[in-house]
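Peer 1: This is the structure I have questions about; it appears just below.
The values are calculated or read from the model by the stated rules, or taken from the named source; none is laboratory data. A quick note: this is a predicted structure, and the numbers were derived from the prediction, not measured. So basically every Cβ, Gly included, is an ideal-geometry build from the backbone, and we count neighbours across all protein chains shown. Areas reflect the complete protein model, heavy atoms only, side chains present, ligands, DNA and RNA absent. Shrake-Rupley method; radii C 1.70, N 1.55, O 1.52, S 1.80 Å.
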Amino acid sequence: MSLESQILILADRCVKCGLCLPHCPTYGVSLNENESPRGRISLMQGLASKQLAASPILTDHLDRCLDCRNCERVCPAGVDYETLLDTTRDWLNQNSATPLVRARQRLALNVLSRPQQLRRINRLLRLYQLSGLAWLLRKTGILRLLGLDYLASLLPPLRPAINFERPMSETRPRGRVALFTGCLGSTLEQTTIQASLVILQRLGFAVELVAGQTCCGALARHSGETDIALRLAQQNLQAFAPEEVEAILYTASGCGAHLMKYPDLPWPQTAQQATASAFRSKLQEITAFLLQIEWQDSIRFRTTTLRIAVHEPCSQKNGLRQANLAMDLLRKIPGLETEALPGNDRCCGAAGSYMLDQPEMAQTLRTEKLQGLAQLAPDVLVTTNPGCALFLNAGLGHDAPMKAVHPVTVLADHLQPSDTSLV
């Protein structure tokens, strides 16, 4: 079936009722119908039926979509908006994208799929920070003159990359699980991965850190680079296929929302779809897994007076349809207070690569979140998506006393006895 036919079939489910409009962050900011789900679906229908041309104005309206999936959660017709948008972006790449833009996009996506390259980049950027060059370029205003000040503000203080590609075992484990670390596990997300290992091993699980795994492919799929997304998915399926584990756990909700859709990707063969379905049957978000299993009485947590604000990523509440898990899990810590971050029904603006591609809208949406944080004034902010954490920490200032971390990091830090502080 052609991409045009797929777009029209998916779009025809929309009855144009407009119930999605109040829930769309970009429509809420612009009040422009073209910036709403209903408006964008009409634009996609126009493209597929050849009633509209792929003009820069039209593609800009589509590119400003966050893919937060708020609209899917409230849609009475059950429109699969994310698949519709991904398919349209695939069509645009094949029919209107300039070769230079496409080549640059594919190069960036291919870098994410190669852990060794990411570690090299991490070393170079860490040298840039430690040498004082980052401070000098910022203080002299050179970054601003080059238009790189916003991009530089997103970069957190980097640690040396860690090689997690090794099995972790227990002598007599209560079970065996595998941990999906994705493309950033050994660099930006190493604290979360370490905390997950601490918790799981204290609970008696043998944890397999599977060699050969790679980026989940979400960025590629949402960029319309479906061939790259399929290649990355196939690599992950092959990496995890030999593992005899009861669950495959992921810590990043954004990755998890895409991993769960592996069987729905446009696989050329039904056998690949079947393998993806078997893979999905073992997938679990780590906070959901920790809430389901039985905790031994010997595992105790330090009493604390910390006040925690909980940010619900769009990928958690809309993609996975799993809300309030972080708050429920953190109740295991005595004395800890949790409160939902105001505006949890809205995207923070990170949205994968959106914070890079659409900085103006992204920062507008982030400002709402930071205002909510200022009202609550918590000690720590927790979120299950690393992109959200990165973007919110950049807004707070990477040297601010409060920072966004994964809930398992808070949990591991309060294990009793604990000789490692992760928060």
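Peer 1: Once label points are set 7 Å from the Cα along Cα→Cβ at both Ala54 and Ser281, what is their separation, rounded to one decimal in nm?
Peer 2: Label at Ala54, label at Ser281, 3.9 nm between them.
Peer 1: Which length gain, in nm to one decimal place, applies between Lys332 and Ile299 when the Cα-Cα distance is subtracted from 0.36 nm times their residue separation? The partial results should precede the final answer.
Peer 2: Working: separation 33, 0.36 × 33 = 11.88 nm, distance 1.03 nm.
Stretched out fully, the Lys332 to Ile299 stretch lengthens by 10.8 nm.
Peer 1: Tally Lys/Arg at +1 and Asp/Glu at -1 over every other residue whose Cβ is under 10 Å from the Cβ of Cys183; what's the total?
Peer 2: Details: positive: Arg114; negative: Glu189.
Value of the local net charge: 0.
Peer 1: Arrange the residues Cys75, Cys216, Cys17 by how much accessible surface each exposes, largest first, with a 1.4 angstrom probe.
Peer 2: In descending accessible area the options line up as Cys17, Cys75, Cys216.
Peer 1: Still on this structure: Between Arg13 and Arg126, what length comes free when the chain is fully extended (0.36 nm per residue of separation minus the Cα-Cα distance, one decimal in nm)?
Peer 2: Details: separation 113, 0.36 × 113 = 40.68 nm, distance 4.87 nm.
Net length gain for the segment: 35.8 nm.
Peer 1: Taking the full set of protein chains and a 1.4 angstrom probe, give the accessible area of Ile57 in square angstrom, rounded to the nearest 10.
Peer 2: 120
Peer 1: Here's another thing I want to ask about it. Under a 5 Å amide H to amide H cut-off, with H placed in plane at 1.01 Å, what residues pair with Leu19 once short-range neighbours are removed?
Peer 2: Placed amide hydrogens put nothing under 5 Å from Leu19.
Peer 1: A follow-up question, please. At 0.36 nm per residue, and after removing the present C-alpha to C-alpha distance, how many nm does the segment from Gln235 to Ala108 gain when stretched out fully? Present the calculation step by step, with values, prior to reporting the outcome.
Peer 2: On the way: separation 127, 0.36 × 127 = 45.72 nm, distance 1.79 nm.
Net length gain for the segment: 43.9 nm.
Peer 1: With angles folded into 0 to 90 degrees, how steeply does helix 226-240 sit against the dominant principal axis of the chain? Use alpha carbons for both and round to 10.
Peer 2: Helix 226-240 sits roughly 30 degrees off the main axis of the chain.
Peer 1: Right, something else. Where does the charge balance sit around Arg307 when Lys and Arg score +1, Asp and Glu -1, over other residues with C-beta under 12 Å from its C-beta?
Peer 2: Around Arg307, the charge tally is -3.
Peer 1: Let me ask another. Suppose R0 equals 41 Å; then what is the FRET efficiency for Glu360 and Ala323 from their Cβ-Cβ distance, rounded to the nearest 0.05? Mind dumping the intermediate values first?
Peer 2: Numbers: r = 29 Å, r/R0 = 0.70.
The formula returns an efficiency of 0.90 here.
Peer 1: Pop out the ³J(HN,Hα) list for the stretch 270-282 in order, Karplus 6.51 cos²θ - 1.76 cosθ + 1.60 with θ = phi - 60°, rounded to Hz; leave Gly and Pro as x.
Peer 2: Karplus values, whole Hz, x for Gly and Pro: 5, 5, 5, 5, 5, 4, 5, 5, 5, 4, 4, 5, 9.
Peer 1: May I ask for the net charge around Met327, where only other residues with Cβ less than 10 Å from the Cβ of Met327 are counted and Lys, Arg are +1 while Asp, Glu are -1? The partial results should precede the final answer.
Peer 2: Working: positive: Arg331; negative: Glu312, Asp328, Glu339.
Local charge sum for Met327: -2.
Peer 1: Same structure, new question: Of the beta bridges DSSP finds with both residues in the chain, what % are antiparallel, to the nearest 5?
Peer 2: Working: 4 of 24 bridges.
So the antiparallel bridges amount to about 15 percent of the total.
Peer 1: Name the residue, out of Leu184, Leu66, Leu376, whose mean-square fluctuation peaks in a Gaussian network model built on the chain with Cα pairs under 10 Å.
Peer 2: Comparing Leu184, Leu66, Leu376 in the GNM, the peak value goes to Leu376.
Peer 1: Pull up all non-local amide H partners of Gln213: gap of 5 or more, or a different chain, and H-to-H distance under 5 Å with H placed in the peptide plane.
Peer 2: The list, which skips near neighbours in sequence, is empty: none.
Peer 1: Now for a different question. Kindly write out, for the stretch 309-314 in residue order, the coupling ³J(HN,Hα) from the Karplus curve 6.51 cos²θ - 1.76 cosθ + 1.60 (θ = phi - 60°), rounded to whole Hz, with x marking Gly and Pro.
Peer 2: Taking θ as phi minus 60°, the curve returns 9, 10, 9, 9, x, 4 Hz for the stretch 309-314.
Peer 1: Computed from the coordinates I sent, Cα Rg over 2.2 N^0.38 Å equals one of (1) 0.93; (2) 0.98; (3) 1.74. Tell me the label.
Peer 2: Answer label, from the structure shown: (2).
Peer 1: Using R₀ = 35 Å, calculate the FRET efficiency as 1/(1 + (r/R₀)^6) where r is the Cβ-Cβ separation of Ser5 and Ser353; round to 0.05.
Peer 2: 0.80
Peer 1: Another question, if that's okay. Taking GluC sites (Glu not before Pro) as exposed when DSSP calls them loop (any state but H, G, I, E, B) and at most 10 other Cβ atoms lie within 10 Å, what is the longest stretch of the chain free of them, the sites themselves excluded? All intermediate terms of the calculation are to be shown ahead of the outcome.
Peer 2: Working: sites that count: Glu244, Glu294.
That gives 1-243 as the longest site-free run.
Peer 1: Under the Karplus relation 6.51 cos²θ - 1.76 cosθ + 1.60, θ = phi - 60°, what is the ordered set of whole-Hz ³J(HN,Hα) values for the stretch 359-372, x standing for Gly and Pro?
Peer 2: x, 5, 5, 4, 6, 4, 5, 5, 4, 4, 5, 5, 5, x
Peer 1: Same structure, new question: For Glu208, enumerate residues with amide H under 5 Å from its amide H, sequence gap 5+ or separate chain, H modeled in the peptide plane.
Peer 2: Met168, Val177, Ala178, Leu179
Peer 1: Can you figure out the FRET efficiency of Tyr150 with Arg73, using R₀ = 35 Å and their beta-carbon distance, to the nearest 0.05?
Peer 2: Working: r = 30 Å, r/R0 = 0.87.
Between Tyr150 and Arg73 the formula returns 0.70.
Peer 1: For the residue pair Gln94 and Asp63, what label-to-label distance in nm results when each label sits 7 Å from Cα along the Cα-to-beta-carbon direction?
Peer 2: 2.2
Peer 1: Let me spell out the model: positive unit charges on the Cβ of Lys and Arg, negative unit charges on the Cβ of Asp and Glu, origin at the Cα centre of the stretch 312-388. What dipole size does that give, in debye rounded to 20?
Peer 2: Details: 7 positive and 9 negative charges, 41 e Å.
Approximately 200 debye in magnitude.
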